[in-house]
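The values are calculated or read from the model by the stated rules, or taken from the named source; none is laboratory data. Source: prediction; values computed, not measured. In this analysis, Cβ positions are derived from the backbone assuming ideal geometry, glycine residues included, and neighbour counts consider all displayed protein chains. Quick note on the areas: whole protein, heavy atoms, side chains included, nothing else; ligands and nucleic acids left out. Shrake-Rupley method; radii C 1.70, N 1.55, O 1.52, S 1.80 Å.
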Amino acid sequence: MNYIPIKLNLSGVIPPIFASALLVFPSTILQASSNKILQAVADFLNPHGYAYNILMFLLIIFFAYFYSSIVFNAKDIADNLKRNGGFIAGLRPGEGTANFLNTVASRLTFWGSLYLALISTLPWILVKAMGVPFYFGGTAVLIVVQVAIDTMKKIEAQVYMSKYKTLSAVGF
């Protein structure tokens, strides 16, 4: 019995980075303008405003689906399973497996994108609703957490490697 490791968050921290870049770039350019209409658009896209954070939330969900559709190729996984004699119980190898994997990845991406969007907008919600002084943006929090998790995994891998080296040196 094996399993196919499909992450809850296939896209990592890419969607918040893309969304913030897409929203901050126009407002940065428009700040230099003296035109009243362009200034109104720049004020509308103010990072401390409602419109910016609602658009950020929606764009993160969009980019999570977009990026995971690029990264996760269910047809290749289904073909590799079929070539190696593997299958998912109750499903036909090939197209049926690919459709099932796409469905699973889409459902996981939905929850992963909500997670990313909530974590990215949570600092703004804390500041706006509760008046909590929070100085990090949501993307910064995601990056710090991701780096901490990766560091923990690397340390854990090193501990296991040293354990295996010790066992092989002893002769077990």
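Observations, loosely collected:
- So D43, is it open to solvent by 80 Å² or more (accessible area, probe 1.4 Å), of a type outside the set (G, A, S) and without any contact (Cβ under 8 Å) to a residue 60 or more places away in the chain: yes
- Hits in the stretch 25-40 - residues which are open to solvent by 90 Å² or more (accessible area, probe 1.4 Å) and not in a helix (DSSP H, G or I): A32, S34
- Single match in A64, A21, A51 (criterion: within 20 Å of T121 (Cβ to Cβ) and buried (at least 18 other Cβ atoms within 10 Å of the Cβ)): A64
- The residue of the stretch 3-18 that is nearest to L55 (Cα to Cα), among those that are open to solvent by 40 Å² or more (accessible area, probe 1.4 Å) and not aliphatic (A, V, I, L, M), is F18.
- L22 fulfils the conditions (1) at pLDDT 85 or above; (2) assigned to a loop (DSSP other than H, G, I, E, B) except for a single criterion, (2).
- Selection from the stretch 85-113 of residues that are open to solvent by 40 Å² or more (accessible area, probe 1.4 Å) and either in a loop (DSSP other than H, G, I, E, B) or among the hydrophobic types (A, V, I, L, M, F, W, C) (or both): G85, F87, A89, G90, L91, R92, P93, F100, V104, L108, F110, W111
- Failed item, numbered, when V141 is tested on (1) open to solvent by less than 50 Å² (accessible area, probe 1.4 Å); (2) under 27 Å from A51 (Cα atoms); (3) touching a residue at least 40 places away in the same chain (Cβ under 8 Å): (3)
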